[in-house]
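Novice: Have a look at this one before I ask anything.
The values are calculated or read from the model by the stated rules, or taken from the named source; none is laboratory data. Values in this document were obtained by computation on a predicted structure and should not be read as measured data. Cβ: placed from backbone, ideal geometry, glycine included. Neighbour counts: every protein chain shown.
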Amino acid sequence: MPILNKPIIFDRNNFGNGFEKGIKGRPIDIVLEIRESGLKGRGGAGFPTGTKWMLAATAVSPKKYVICNADEGEPGTFKDRLLLTEYTDELLQGMILCGYAIGAKEGYIYLRGEYEYMLSHINGVINKFHEEGKLGKGIFGKNFDFDISVRLGSGAYVCGEESALIESLEGHRGEPRNRPPYPVNTGYMGYPTVVNNVETLVSVPIIINKGAEWFRNIGTEKSRGTKLLSISGDVERPGIYEVPFGTKIIDMLEMVRAKDTKAVQIGGASGICIPEEELHRNLSFEDVPTGGSIIVFNKSRDMLKILKNFMEFFTEESCGQCTPCRVGNKKLLDGVNMIEQGKCSVKYLRELIDLGRTMQVSSKCGLGQSSPNPFITIMTHFGDEILAEHY
Amino acid sequence: MTDSSFSTRIPTAQQSIKIDKGSAHEIGGLVDIEINGKQFQVPFGTYILDACKQFDFHIPTLCYHDDLCIAGVCRVCVVEVEGMRTLQSACTYPITNSIKIKTTSEKVRKSRRHIIDLLLSDHYGECYSCVRNNNCELQSLAKEHGVDFYRFGHVQNPHYEVDNSSYSVVRDMNKCVLCRRCVRTCIDLQEVGCLEALNRGYETKITTFMDKPLAEVICINCGQCINRCPTGALRANDPSDAIWDAIDNPKKHVVIQTAPSPRAAIGEEFGLAPGRSLTRELNTALRMIGFDRVFDTNFTADLTIMEEGTELLLRLKSALVDKDPNVKLPQFTSCSPGWVKFIEHFYPDYLDYLSTAKSPQQMFGAVLKTFYAQETGVDPADIVTVAVMPCSAKKFECNRPEMNDSGFKDVDYGLTTRELAQMIKEAGINLPDLPKTGFDEPFGEASGAGLIFGATGGVMEAALRTAYELVTGREVPFENLNITPCRGMDGVKEASIKLENVKPEWSFLEGIDLKFMIAHGTANAKIVMDRLVAGELNDVHFIEIMGCPGGCIGGGGQPIPTSSEIRAARAKAIYDEDAGLPLRKSHENQHVNYLYQKFLTEGPCSHLSHKLLHTHYTKRGSYIA
Ligand SMILES: Cc1cc2nc3c(=O)[nH]c(=O)nc-3n(C[C@H](O)[C@H](O)[C@H](O)COP(=O)(O)O)c2cc1C
Ligand code: SF4
């Protein structure tokens, strides 16, 4: 079983009776507390959770839905896996609190296909909640009904994107939708839907228990609280760590005993590559944002190989819907192959970086918009090294 | 938006979830916007693309099509919205607050150019060897954006085999740019759903159920996807080489029938604005090309009315007089082969509701190789029958194994409007300039009732003009015989006409409200069929269904592009032509009466007419053919 090294807010003692307290109070107070806490989505995009909930809570609709995004598909992340198995109760509590806050009666956990082995465990906890009166009709004696079921994904990375996830839940091909309208307005089955990451939802009972003020005191001005990191690569102590936002990358590396670090890929394949010179930067929405994936490379690594691996990933995992992402990623991959064979002119390389910028602004969803990140950052920081090696 | 709107098979990603403009209007009223520094006001919820069109800012598009739900996948229409990190696709973005839009900034131009370069890098083929040369949206985009080299390379070899399996539609996926218009057309407009995207990422392709050839799946051959394909990836199966061969062969007697819809649209292929029929110019052109005789399909449209109308009256009699519980009412029209294949696939248990009358095209073929051969003394083995149709499904229809009742293949070739235009151009003829000539005997001039078959509601109107008069002895009670409830582009129309003071032989119809319905496009056909299945149409007597939106004038063989305005203009051309004809009722067509006197002497729905002019249908699967 994975363990959480050095918990801060995710310390078990911090959950207290946040769940009960929330449900016994007014729905709007939960929304206000979450908004006050400054909690931002932990799934990568960092949208303020309180604002999302407020939009859903104020939407007038006969039905609303809560969806927990447990698709955890970003290469290099495995922190939701821990939460799903070790903090299952707390996750369900977070979802129920969300349902109560926004006026939803149903919730879904969209579970990554590879996590099928957790299914019986999660369903067991759901059953236990039913027996304890925490799910079902009249929760805590309130006029509040809520139910949760688990749905399995089928291994497409893009289905972690919230609107593709909803398509997939509806039984369609997992392709991102046009936005606006956003899921909080027109989501699952056309109804207002809150989609939140596992970590975001698990934070909720903590915030309700300890209060927004307590939470705000951790982290930085625009990034309150802590972040769970999945750290892998050339380090002595890989694993899952919790750090306050604002932690310097170099301090994080110290913590996991990284040696001879050449570069750190932050935010997974769709994140950015930080070279040695920039290790003093910090992890926060202000500086280097991350959904939690940290991959460390030491000086023995060939950056072009790493890049090739990422580009192969995107060429395959693009949903194939829109031109810049579908064809663009292939062109970037072809470019990497050309460099490998010493056949890419500097002019064409510049053209490809330019293409990457087009993909960032013109792709339909976050996948295409972030897929050129590694190409652009690795080529910017390691271009000379790569060209020297391959020409 | 409710659950039920998702019960269709339209993938939601391919739908635009439209903001309801009516109610939105109440909330926000008008919104101030700025486009390229100029101020405008638009109703809350207007799409950026529509706003730009309204104020004459050109925005290039590719996956967008007026007839279809919005996809937002090609990204060619991206614009800059001030304050947003990314560009926005103009076709998908509803304006709900005051925004500033830039349509030609550097970022926009660069992105569009890159996107077009990417599309071209993945599009195999050379423009000069493509049916869509000079009428290709990708080609136009490349020209508009000054593409003069392949920035990101170009496909050197085809990756896909061309699918020639269907009599009607040819798929060349090497030219596909994945705009998904065909997918949306097939699912959304036609409710067929035989095309869908498969695989992910760069491997994505449009394909059929289990990747089977088109001929083996539930394609209804309507060709609506062809009309909306921006490139040459979809085209009709072109028989013109074989037709040229027949013309060049002195032993062959090559005759051609022309349907009204191609005549109303073919001018578009020669640069005319939509809405001008070139019926008689076309006769001249066909003779110049070398056809031995030129006939009017409307002749058999009139014949269809006689057969199908008689069939309806007989069914009514069985139901009302003989109280036969097995008689199937309402009777459905059967002249649209796309619709016929649709019902064969999706409602195979309801085939008995279809009229057994063949379509005008097929009736003509059967008459040509029997009666006409007899009259003229030409050996039917030497007669080659060509039909100019607005339709790709007609190609499949003429190849149905049951369509050999004359002892020969009744109709040898179905030729689309587009293909005929190509033959005429190849012969160096500028069609609109030609003198007018008439049709050949022994079928001569037909009625306006046959003519209006081309527009949705036309068959019903023609049938009513005849049936009402037959039963009551009076003309239909509409000014100038224009039965207006049959006209217009509503998806499903419903009306009735009261039969009073009927002739003695029709006394069982006295006082009956003859209820009829009209639907066009198979999505609307599905609405009607689902109501039939639910038992809601027990009091309806006659239903006209056309497989294509707008009816035949919007057929899959018609000139490209298509839009509701273009279809309306073509329909108007047909109705105007009808209004100007001396003969406007099928039963007054003297050539049809002559045929019944000389050949089908036992009259409509008799033994011989059943053999030659009626057919039967085949139950088909709902996944594969
Ligand atoms: C390609 C792509 C993959 C994503 N994968 C995940 C994922 O696996 N898990 C997740 O929580 N969010 C993922 N997201 C982010 C979601 O779209 C969404 O922003 C998030 O679930 C919202 O929850 P939050 O506000 O709690 O972060 C992904 C986004 C994109 C564009
Ligand atoms: S950016 Fe990529 S993943 Fe997103 S919609 Fe476009 S093709 Fe699909």
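Novice: Is at least one residue of the stretch A:41-54 more than 14 Å from every other protein chain (Cβ to nearest Cβ), touching a residue at least 60 places away in the same chain (Cβ under 8 Å) and within 16 Å of ligand 2 (Cβ to nearest atom)? Don't jump to the end; show me each part of the working.
Specialist: Pass one, the stretch A:41-54, residues more than 14 Å from every other protein chain (Cβ to nearest Cβ): A:41-44, A:48-54.
Adding the requirement that they be touching a residue at least 60 places away in the same chain (Cβ under 8 Å) leaves A:41-44, A:49, A:52-53.
Going one step further and asking which of them are within 16 Å of ligand 2 (Cβ to nearest atom), we end up with A:43-44.
Looking for residues that are more than 14 Å from every other protein chain (Cβ to nearest Cβ), touching a residue at least 60 places away in the same chain (Cβ under 8 Å) and within 16 Å of ligand 2 (Cβ to nearest atom), one finds at least one in the stretch A:41-54, hence yes.
Novice: Given the structure, is residue A:131 within 14 Å of chain B (Cβ to nearest Cβ), out of contact with any helix residue (DSSP H, G or I) (no Cβ under 7 Å at 6 or more places or on another chain) and more than 13 Å from ligand 1 (Cβ to nearest atom)?
Specialist: Numbers: within 14 Å of chain B (Cβ to nearest Cβ): no; out of contact with any helix residue (DSSP H, G or I) (no Cβ under 7 Å at 6 or more places or on another chain): yes; more than 13 Å from ligand 1 (Cβ to nearest atom): yes.
No, not satisfied.
Novice: When the residues of the stretch A:353-377 are filtered to those that are over 22 Å from residue B:90 (Cα atoms) and buried (at least 24 other Cβ atoms within 10 Å of the Cβ), which remaining residue is nearest to ligand 1 (Cβ to nearest atom)? Spell out the reasoning first.
Specialist: Within the stretch A:353-377, the subset over 22 Å from residue B:90 (Cα atoms) is A:353-354, A:371-377.
Still in the running and buried (at least 24 other Cβ atoms within 10 Å of the Cβ): A:371-372, A:374-375.
On the way: A:371: 8, A:372: 13, A:374: 14, A:375: 16 Å.
This residue is A:371.
Novice: What number of residues in the stretch B:211-232 are assigned to a helix (DSSP H, G or I) and closer than 14 Å to residue B:179 by Cβ?
Specialist: Taking the stretch B:211-232 as the starting set, the residues that turn out to be assigned to a helix (DSSP H, G or I) are B:211, B:214-216, B:224-228.
Adding the requirement that they be closer than 14 Å to residue B:179 by Cβ leaves B:225-228.
Residues flagged as assigned to a helix (DSSP H, G or I) and closer than 14 Å to residue B:179 by Cβ within the stretch B:211-232 amount to 4.
Novice: If you go through the stretch A:146-161 one residue at a time, how many are among the aromatic types (Phe, Trp, Tyr) and within 10 Å of ligand 2 (Cβ to nearest atom)? Even if it seems obvious, please write down each step before you answer.
Specialist: Initially, the stretch A:146-161 is screened for residues among the aromatic types (Phe, Trp, Tyr), giving A:146, A:157.
If we keep only those that are within 10 Å of ligand 2 (Cβ to nearest atom) too, we end up with A:157.
Looking only at that region, the number is 1.
Novice: Can you tell me which of B:148, B:117 is within 14 Å of chain A (Cβ to nearest Cβ) and either surrounded by fewer than 19 Cβ atoms within 10 Å (Cβ to Cβ) or not aliphatic (A, V, I, L, M) (or both)? Can you show your working first?
Specialist: Values: B:148 fails: within 14 Å of chain A (Cβ to nearest Cβ).
From the options B:148, B:117, the qualifying one is B:117.
Novice: Residues that are of a type in the set (A, V, I, L, M, F, W, C) and closer than 30 Å to residue A:309 by Cα, at least 2 per element: which helices (runs of 4 or more DSSP H) completely within the stretch A:20-115 meet that?
Specialist: On the way: elements: A:27-37, A:49-58, A:79-86, A:88-102.
Those helices (runs of 4 or more DSSP H) span A:79-86.
Novice: Are any of the residues in the stretch B:558-572 outside any helix (DSSP H, G or I) and touching a strand residue (DSSP E or B) at 6+ places or on another chain (Cβ under 9 Å)? Please lay out each step first, then the result.
Specialist: First, the residues of the stretch B:558-572 that are outside any helix (DSSP H, G or I): B:558-563.
If we keep only those that are touching a strand residue (DSSP E or B) at 6+ places or on another chain (Cβ under 9 Å) as well, we get B:558.
Yes, that holds for at least one residue.
Novice: Whether any residue in the stretch A:302-324 is assigned to a loop (DSSP other than H, G, I, E, B), among the hydroxyl-bearing types (Ser, Thr, Tyr) and within 16 Å of ligand 2 (Cβ to nearest atom) is what I want to check.
Specialist: Yes.
Novice: Does any residue of the stretch A:197-217 turn out to be surrounded by fewer than 24 Cβ atoms within 10 Å (Cβ to Cβ), without any contact (Cβ under 8 Å) to a residue 24 or more places away in the chain, at positive phi and not in a helix (DSSP H, G or I)?
Specialist: No, every residue in the stretch A:197-217 fails to be surrounded by fewer than 24 Cβ atoms within 10 Å (Cβ to Cβ), without any contact (Cβ under 8 Å) to a residue 24 or more places away in the chain, at positive phi and not in a helix (DSSP H, G or I).
Novice: Let me ask something additional. Before we move on, is residue A:360 under 20 Å from the mean Cα position of the chain (by Cα) and either within 14 Å of chain B (Cβ to nearest Cβ) or modelled with pLDDT under 95 (or both)? Even if it seems obvious, please write down each step before you answer.
Specialist: On the way: under 20 Å from the mean Cα position of the chain (by Cα): yes; either within 14 Å of chain B (Cβ to nearest Cβ) or modelled with pLDDT under 95 (or both): yes.
Against the criterion (under 20 Å from the mean Cα position of the chain (by Cα) and either within 14 Å of chain B (Cβ to nearest Cβ) or modelled with pLDDT under 95 (or both)), residue A:360 qualifies.
Let's see how each residue does on (1) at the interface with another protein chain (Cβ under 10 Å from one of its Cβ atoms); (2) aromatic (Phe, Trp, Tyr); (3) over 17 Å from residue A:181 (Cα atoms):
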position: B:45; (1), (2), (3): no, no, no
position: B:48; (1), (2), (3): no, no, no
position: B:56; (1), (2), (3): no, no, yes
position: B:60; (1), (2), (3): no, no, yes
position: B:66; (1), (2), (3): no, no, yes
position: B:73; (1), (2), (3): yes, no, no
position: B:88; (1), (2), (3): yes, no, no
position: B:97; (1), (2), (3): no, no, no
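Novice: Given the options B:470, B:464, B:499, B:415, name the one that is in contact with a helix residue (DSSP H, G or I) (Cβ under 9 Å, 6 or more places away or on another chain), in contact (Cβ under 8 Å) with a residue 24 or more places away in the chain and assigned by TED's automatic domain parsing to the domain that holds residue B:277.
Specialist: Numbers: B:470 fails: assigned by TED's automatic domain parsing to the domain that holds residue B:277; B:464 fails: assigned by TED's automatic domain parsing to the domain that holds residue B:277; B:499 fails: assigned by TED's automatic domain parsing to the domain that holds residue B:277.
Sole residue among the options that is in contact with a helix residue (DSSP H, G or I) (Cβ under 9 Å, 6 or more places away or on another chain), in contact (Cβ under 8 Å) with a residue 24 or more places away in the chain and assigned by TED's automatic domain parsing to the domain that holds residue B:277: B:415.
Novice: Please find, within the stretch A:169-196, the residue that is surrounded by the fewest Cβ atoms within 10 Å (Cβ to Cβ) out of those that are within 7 Å of chain B (Cβ to nearest Cβ) and outside any loop (DSSP other than H, G, I, E, B).
Specialist: Pass one, the stretch A:169-196, residues within 7 Å of chain B (Cβ to nearest Cβ): A:170, A:172-173, A:175-178, A:180-181, A:186, A:189-190.
The next check asks that each one be outside any loop (DSSP other than H, G, I, E, B); those that pass are A:189-190.
Values: A:189: 17, A:190: 21.
Out of the qualifying residues, it is A:189.
Novice: Exactly one of these conditions fails for residue B:103: (1) within 20 Å of residue B:237 (Cα to Cα); (2) in contact with a His (Cβ under 9 Å, 6 or more places away or on another chain); (3) more than 13 Å from every other protein chain (Cβ to nearest Cβ). Give me its number.
Specialist: For residue B:103, the failing item is (1).
Novice: Could you tell me how many of the residues in the stretch B:287-311 are assigned to a helix (DSSP H, G or I) and surrounded by fewer than 24 Cβ atoms within 10 Å (Cβ to Cβ)?
Specialist: So in the stretch B:287-311, the residues assigned to a helix (DSSP H, G or I) come out as B:287-289, B:298-311.
This time we only want the ones that are surrounded by fewer than 24 Cβ atoms within 10 Å (Cβ to Cβ), so: B:287-289, B:310-311.
Total satisfying the criteria: 5.
Novice: Here is a further query. Taking the stretch B:420-457 as the search range and keeping residues that are touching a strand residue (DSSP E or B) at 6+ places or on another chain (Cβ under 8 Å) and surrounded by 24 or more Cβ atoms within 10 Å (Cβ to Cβ), which one is farthest from residue B:573 (Cα to Cα)?
Specialist: B:443
Novice: Of all residues in the stretch B:233-260, count the ones that are part of a loop (DSSP other than H, G, I, E, B) and under 30 Å from residue B:576 (Cβ atoms).
Specialist: Quick first cut of the stretch B:233-260, residues part of a loop (DSSP other than H, G, I, E, B) only: B:233, B:237-239, B:249-252, B:259.
This time we only want the ones that are under 30 Å from residue B:576 (Cβ atoms), so: B:259.
Residues that pass the stated criteria total 1.
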